[in-house]
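Novice: Here it is, the structure in full.
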């Protein structure tokens, strides 16, 4: 049986078995086809096999969303980095394509971005066929091992066939290293006011801004961040873009910066800054000591946004790597490692605490919604087992809204299995915070840093507790308070979490409304 037929056979087994895992025979097939592994997501993006981390080069072009990613095709642990590649027309169904960029004499291919050079400023395409241009970090292990600090530089590659093939620029590197140990992860965008390309680059404990007329020659503009935000580790994977407040008149600039270690719950996490950008300098609106987190879970890192989204769409769409450097290399998967978060639409909102980032699953989630089960509203006191849901719940979307009865009640939803493994998603009224508890969610002995409870503060003081949960076999993404508080966590149960309980602890609450909708599998495969 050839690889394509072997894959199709395995896929049939997965579909037939739903969330319940696979038979022993299919488990054997999983050695060749990772899609059959029991913890593999059904509708989140994951690599066909082997290692994946940061999303890279995210660009929309000719009707396709391009996703590149840090990839090591020879192992399930981190190694010499390549750019893996996939495309989608709806952000949900992904087609795996051949590796886009391989390491060369200048080094590994670390993280970066991609743009459509619409006016052919680089001269690397033509007016009739503007090029896609990828700007990425070269990481030279040879230089690093000799003790040199300038082992990271910025390179460029170009495609004129809708991203299917790439040619590296003969003049690489386009930005040399002035002598910094960490000098990486360029995010590039066109700044219409100054008619320049802008690059934001992570440089150890801060970011630096550069500009260029042609993507080939770069001039330093400014620095930001040496005394702003969190500094428990190295800054990585920055992004910078404008957003309009709900009044549709006020423009602010949002800067994303990932940090490792130094995350809110240890290891890696992503912070953000709200401010202004004049084409040269970013100015933070908040006090330097203020730290704002994109996500309060352990497993959303290195997230950036798509470039070239059509004005008619108008969204700023985000994707992150769903893991944490504390344990990413040792999580219990066999033939693949890591998945991406569900794509999210970002916006800025006014809150009592100031301007804050809000995110929600993209509207395209509607394309995979299937059967829906409506919860019965009413009083909840203790555990209410829902044993009549007519479908597997391990790939689902959950919407819940509670009303308070007792002020100090703890309320939420719990998914469990016959082994007593469970994940709890709730609101702790006495502390005014949401949480995901994965303390007893399955395998955790691979890392002392994995098990735990992760909390997000309640921002909207006057609203009733609302939950929007995306559950996909071995991950949970909770969106609350209109998206201003988000928690993303992965987990590894020995058996699928098939039981559902609505709970109230420490008092009574009222379930105002609720429903759970099955989400269908989406993964496409191309050999």
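Novice: Can you spot a residue in segment 198-209 that is over 22 Å from residue 309 (Cβ atoms) and surrounded by fewer than 18 Cβ atoms within 10 Å (Cβ to Cβ)?
Specialist: Yes: one or more hits.
Novice: In segment 268-285, what count of residues is obtained for those that are crowded, with 16+ Cβ neighbours inside 10 Å and either out of contact with any strand residue (DSSP E or B) (no Cβ under 9 Å at 6 or more places or on another chain) or not in a strand (DSSP E or B) (or both)?
Specialist: So the count comes out to 1.
Novice: Condition test on residue 458, is it crowded, with 20+ Cβ neighbours inside 10 Å, touching a residue at least 24 places away in the same chain (Cβ under 8 Å) and in contact with a strand residue (DSSP E or B) (Cβ under 8 Å, 6 or more places away or on another chain)?
Specialist: Criteria not met by residue 458.
Novice: Taking the conditions exactly as written (surrounded by fewer than 24 Cβ atoms within 10 Å (Cβ to Cβ) and either without any contact (Cβ under 8 Å) to a residue 12 or more places away in the chain or in contact with a strand residue (DSSP E or B) (Cβ under 6 Å, 6 or more places away or on another chain) (or both)), does residue 490 satisfy them or not?
Specialist: Spelling it out, it is not the case that residue 490 is surrounded by fewer than 24 Cβ atoms within 10 Å (Cβ to Cβ) and either without any contact (Cβ under 8 Å) to a residue 12 or more places away in the chain or in contact with a strand residue (DSSP E or B) (Cβ under 6 Å, 6 or more places away or on another chain) (or both).
Novice: What is the one condition in (1) under 26 Å from residue 45 (Cα atoms); (2) modelled with pLDDT under 95 that residue 508 does not satisfy?
Specialist: Status for residue 508: all satisfied but (1).
Novice: Turning to a different aspect of this structure: Going by what's in this entry, would residue 269 be described as out of contact with any helix residue (DSSP H, G or I) (no Cβ under 7 Å at 6 or more places or on another chain) and under 17 Å from residue 290 (Cα atoms)?
Specialist: Considered against the rule, which asks whether it is out of contact with any helix residue (DSSP H, G or I) (no Cβ under 7 Å at 6 or more places or on another chain) and under 17 Å from residue 290 (Cα atoms), residue 269 comes out as yes.
Novice: Turning to a different aspect of this structure: Quick check, is residue 419 part of a loop (DSSP other than H, G, I, E, B) and either without any contact (Cβ under 8 Å) to a residue 60 or more places away in the chain or touching a helix residue (DSSP H, G or I) at 6+ places or on another chain (Cβ under 9 Å) (or both)?
Specialist: For residue 419, the condition - part of a loop (DSSP other than H, G, I, E, B) and either without any contact (Cβ under 8 Å) to a residue 60 or more places away in the chain or touching a helix residue (DSSP H, G or I) at 6+ places or on another chain (Cβ under 9 Å) (or both) - is not met.
Novice: Taking residue 311, is it free of Cβ contacts under 8 Å to residues at least 60 places away in the same chain and either surrounded by fewer than 22 Cβ atoms within 10 Å (Cβ to Cβ) or on the phi > 0 side of the Ramachandran plot (or both)?
Specialist: When the stated conditions are applied, residue 311 passes them.
Novice: What are the residues in segment 111-151 that are touching a strand residue (DSSP E or B) at 6+ places or on another chain (Cβ under 6 Å), under 21 Å from residue 178 (Cα atoms) and surrounded by fewer than 24 Cβ atoms within 10 Å (Cβ to Cβ), if any?
Specialist: If the condition is that a residue be touching a strand residue (DSSP E or B) at 6+ places or on another chain (Cβ under 6 Å), under 21 Å from residue 178 (Cα atoms) and surrounded by fewer than 24 Cβ atoms within 10 Å (Cβ to Cβ), then 139, 140 are the ones that fit.
Novice: In this structure, is residue 373 assigned to a strand (DSSP E or B), modelled with pLDDT of 95 or more and surrounded by fewer than 20 Cβ atoms within 10 Å (Cβ to Cβ)?
Specialist: Yes: the conditions hold for residue 373.
The values are calculated or read from the model by the stated rules, or taken from the named source; none is laboratory data. The structure presented is a predicted model; accordingly, all values stated were derived computationally and were not measured. All Cβ positions, even for glycine, are placed from backbone atoms using ideal geometry, and neighbour counts span all protein chains on display.
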